[in-house]
Amino acid sequence: MITFSIIQKSQLEGAMRLDAEYYQPEYLELVSKIKSQKSKLLKNFSDQVFSGPFGSMLKSESYRDNGIPFIRIGDISDIFISRENLVYISEEEHKRIFSTRLDPGDIVLSKIGTVGRLSVISDDLRQVNISENNIGVRLSVLPPEERTGLLFFLLSRYGQSQILRNASGNIQLKLNVADIENINIPIFSKQFEKDLHNFYQKIIELRNRGTKLYQQAGNMLLEELGLEDFDFEKISSSIVNFSDILEAHRMDAEYFQPKYEKLISKIESQDHKRLGDLVSVKKGVEIGAEQYQDEGKLFIRVSSMGRFEINSSDQKYLSEKLYEELKKDYQPQVGEILLTKDATPGIAYVLKENVEGIISGGTLRLKLKEEIKAEYLALCLNSIIGQMQAERDAGGSVIAHWKPEQIKNVVIPILPESTQQKISDLVLESHEARKKAKELLESSKRKVEEIIEKGGEKDGD
């Protein structure tokens with residue numbers, strides 16, 4: 001069935017957009033619904049809308065492990081900035097590009113690729129800066145309740161459709177500052193904004209609870225192993241036998257840093273096993289970017305992987321036909337641990353729900369073959385126990401690659417089953433809190449959409 005629109009010349013928006021996609025019926029209906037209600041442009045809500053600093057102004061060698069958070073496009077997810085791969089810049093660098101700073105309560109959006117993903121800068125991040133692939137929206141002029149209403153609207157179907165409509169480009173979609181400034185934002189009642197803000201505060205509370213519970217689990221793990229106050233930097237040099245070099249097939253000094261040997265020795269002084277003895281390992285598959293689709297079955301890449309979930313943002317999809325061909329060997333199953341081996345090696349997640357999708361070649365499926373708690377094992381891999389072994393093995397190259405044979409050789413501490421259970425319970429409580437936060441976010445977006453679909457708020461609403 002073919003859908004089309006007949007557009008009068010007077011309806012063309014400044015003759016700046018003549019492409020048919022911009023005037024699709026669904027977009028016209030959407031904009032008409034919003035304009036039929038009280039609304040104003042986003043630029044009238046904000047202090048300033050701006051793009052991140054041009055790439056030549058900031059190189060990756062400027063990144064550091066602490067300082068001012070520097071938000072890149074991969075850090076943006078629903079509402080909250082992901083901390084998985086967050087990098088930082090120095091105070092001096094931040095001052096040099098100070099015009100692109102954002103403060104708590106401001107919004108950052110992705111402007112290329114999967115456009116329109118957005119997050120709010122949370123209080124704990126304090127002041128941040130953003131990369132050239134992002135757009136910043138300063139909102140300090142707005143009361144917190146109005147900021148929340150604007151945020152949930154932009155996350156809703158009506159906000160996202162406007163963003164997608166305004167984007168341009170054939171091969172890769174791109175947003176300009178004007179595309180964001182000219183989004184129509186409905187004006188909600190003070191009471192509705194207050195209700196949304198209460199939901200937002202509850203979401204923050206649940207997320208913080210999830211974070212604290214996960215930290216408790218990690219702290220318990222390290223305390224049980226006697227690693228909570230372990231000083232890995234105390235020894236600055238070591239002597240390595242030639243036989244060790246032959247066994248490791250490595251002779252770079254980074255691999256033989258004393259901190260790694262100190263960690264392994266501490267774990268091996270207690271009950272332990274190699275990861276390959278605990279799980280079977282199965283690698284994902286590469287399908288080629290030409291197979292990517294805008295919709296269909298999930299293709300789970302390394303960039304989609306998180307310690308707490310498979311991220312819904314920046315997803316790629318494959319056809320039903322290709323999925324049917326590959327699912328027998330490459331579709332992950334509930335209870336398996338997904339572990340990244342490339343780019344950002346060492347991110348582990350226990351799959352909790354059925355997923356109709358395929359994992360990429362940069363991810364491994366770990367299936368338990370011995371009695372060990374899956375959540376406990378995943379936490380070990382996500383803690384310094386797994387991270388330092390991944391850092392040691394995958395280091396020394398521009399793009400990190402953690403080889404399956406190295407992964408099988410990772411040393412895992414085996415704590416008593418009762419302790420594993422306590423740790424696993426904390427992790428599961430953490431996931432449950434995050435799940436509730438996500439459900440509340442979806443509910444809040446639906447409430448915004450329902451108000452708009454009703455034609456706006458009526459007297460007495």
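At-a-glance table
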| item | result |
| --- | --- |
| Total residues in the stretch 94-114, condition hydroxyl-bearing (Ser, Thr, Tyr), within 13 Å of Gly52 (Cβ to Cβ) and not in a strand (DSSP E or B) | 2 |
| Qualifying residue in the stretch 183-193 (condition: in contact with a Gly (Cβ under 6 Å, 6 or more places away or on another chain) and of a type outside the set (Ser, Thr, Tyr)) | yes |
| 2 or more residues over 30 Å from Glu320 (Cβ atoms): qualifying strands (runs of 3 or more DSSP E) within the stretch 351-461 | 411-413 |
| Flag if Thr114 is among the hydroxyl-bearing types (Ser, Thr, Tyr), closer than 18 Å to Val87 by Cβ, assigned by TED's automatic domain parsing to the domain that holds Val87 and surrounded by fewer than 24 Cβ atoms within 10 Å (Cβ to Cβ) | no |
| Residue that is modelled with the highest pLDDT, among those in the stretch 97-123 that are in contact with a Leu (Cβ under 6 Å, 6 or more places away or on another chain) and of a type in the set (D, E, K, R) | Asp106 |
| Some residue of the stretch 113-130 being free of Cβ contacts under 8 Å to residues at least 60 places away in the same chain and basic (Lys, Arg) | yes |
| Residue within the stretch 400-413 that is farther than 23 Å from Thr211 by Cα and free of Cβ contacts under 8 Å to residues at least 24 places away in the same chain present | yes |
| Matching entry among Tyr260, Tyr317 (being under 24 Å from the mean Cα position of the chain (by Cα) and closer than 22 Å to Thr344 by Cα) | Tyr317 |
| Within the stretch 168-190, considering residues that are out of contact with any Leu (no Cβ under 8 Å at 6 or more places or on another chain), in contact (Cβ under 8 Å) with a residue 40 or more places away in the chain and in a helix (DSSP H, G or I), the one nearest to Phe50 (Cα to Cα) | Val177 |
| Residue among Lys321, Lys273, Lys328, Lys266 that is farther than 30 Å from Phe80 by Cβ, part of a strand (DSSP E or B) and basic (Lys, Arg) | Lys273 |
| Test: Arg117 is within 24 Å of Glu391 (Cβ to Cβ) and not hydroxyl-bearing (Ser, Thr, Tyr) | no |
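The values are calculated or read from the model by the stated rules, or taken from the named source; none is laboratory data. Just so it is clear, the model here is predicted, and its values are computed rather than measured. Heads up, the Cβs are rebuilt from the backbone with ideal geometry, glycines too, and the neighbour counts pull from every protein chain shown.
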